[in-house]
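Below: the structure, in structure tokens.
The values are calculated or read from the model by the stated rules, or taken from the named source; none is laboratory data. Small disclaimer: the values here were computed from a predicted structure and weren't measured. Here the Cβ positions follow ideal geometry from the backbone for every residue, glycine too, while neighbour counts run over all protein chains shown. Surface areas here come from the heavy atoms of the whole protein model, side chains and all, with no ligands, DNA or RNA. Shrake-Rupley method; radii C 1.70, N 1.55, O 1.52, S 1.80 Å.
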Amino acid sequence: MAKHWSVDPTEALRADGIQIAELDTSATPGFKGKKKAGQSLLAERTQVLSDLQEKLYASGRSGDSRSVLLVLQGMDTAGKGGIVRHVIGSVDPQGVDHAAFGVPTRAEKRHDFLWRIRKRLPEGGQIGVFDRSHYEDVLVARVHELVPESVWRPRYTEINAFERELVDSGITLVKVALFVSLDEQRRRLLERLNRPDKYWKFKPADIDERAYWPDYTEAYQAVVDRTSTKGAPWYVVPADHKWYARLAVTELLIDALEQLQLDWPPADFDIKEQKRRLRDE
Ligand code: AMP
Ligand code: MG
């Protein structure tokens, strides 16, 4: 059990059986404390995360081919960027491989939807972060019929096969879907319009997308129903409270890294001999 949680986050946030349309996005599943307690725990836990990440990186340098891949999905303003800055930002950048997936380029459109994803998979020892992912091809692509149903429908099965392949190759997947309410999104969009330092995040089309909220809810429901597997489960994170979402993702990453049972790589030199050399120099 993670410290200060009444239900372990891996249990409390597991997508199994969840009805996204009924999700309380202001809830803090499994965590009893309020904002202050959450924030102080977060400071403590990011240190734990950072230590584990260093072990993963050190193992990678010594030939361990395993890695962790955080897949972040969520509507605009759900807080994906904040997770990257505040959670991933707390670990050593040389061990992080960050990839954001936007509207496919012309080159990307000429290939299968997984082509651009495969190119950005993390190497051994890295924490990969996908800010959006292959799931856009069953979310925005489905909602806006960017491709016919005969194309997007089989993708759930393709994604499961793809992810099984990743897991078998030593990539631990941590799939997180962040959800805010329609009201909270309105507040956050308005904030982007009220603050010059946030204009860059705003696109007028973000407001158009709000009309498709029920369609996105349905598409997200299909994602968790069809692609939450034993090897690569989905976690559904209520994200109206930023401190909670950040703490939750930190815990999920800590859990994934702990499962790897990492150790510091042993010396591949004779320690006594090297000490002697320094002494006798
Ligand atoms: P942002 O994450 O705010 O920079 O926006 C990226 C945009 O790219 C979002 O509107 C996504 O829906 C869009 N996008 C990402 N992947 C795809 C995809 N495979 N097909 C179409 N649009 C995509
Ligand atoms: Mg955006």
Hz values of 3J(HN,Hα) by residue in segment 132-145 - Karplus curve (6.51, -1.76, 1.60), Gly and Pro given as x: 6, 6, 4, 5, 4, 6, 10, 10, 4, 5, 6, 4, 9, 6
Taking the Cβ of R155 as the center, what net charge do the other residues with Cβ under 13 Å away carry, scoring Lys and Arg +1 and Asp and Glu -1? -3
Out of I271, I83, I20, any idea which swings most in a Gaussian network model of the chain, alpha carbons joined below 10 Å? I271
Between G128 and residues 5 or more places away or on another chain, which pairs have amide H atoms under 5 Å apart, with H built 1.01 Å from N, and which residues are they? V68, L69, L70, D97
To the nearest 20 Debye, how big is the dipole of the chain about its Cα centre, given +1 on the beta carbon of each Lys and Arg and -1 on that of each Asp and Glu? 760
Listed by chain and number, the lysines with an alpha carbon less than 29 angstrom from that of K34, same-chain partners under 8 positions apart left out, are K3, K80, K175, K198, K201, K242
Counting only heavy atoms of the protein chains, get the accessible area per residue of segment 9-279 (1.4 Å probe) and round it to a whole Å² value. 52
With no solvent and one equal point scatterer placed on each C-alpha of the chain, evaluate the Debye formula and give log10 I(q)/I(0) for q = 0.13 Å⁻¹, two decimals. -0.91
Magnitude of the Cβ-charge dipole of segment 120-174, K/R +1 and D/E -1, about the Cα centre, nearest 20 debye? 80
Once amide H atoms are placed 1.01 Å from N in the peptide plane, what residues at a sequence separation of 5 or more from A100, or on another chain, have their amide H within under 5 Å of its amide H? D131
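In deg cm²/dmol, rounded to 500, what helix-only [θ] at 222 nm does the chain give when every DSSP H run of at least 4 residues adds -39500 (n - 2.57) and the total is split over its residues?
My calculation for the chain gives -13500 deg cm²/dmol from helical runs alone.
Tell me, what % of the accessible area of the chain is carbon and sulfur with a 1.4 angstrom probe?
Here it works out to 50 percent.
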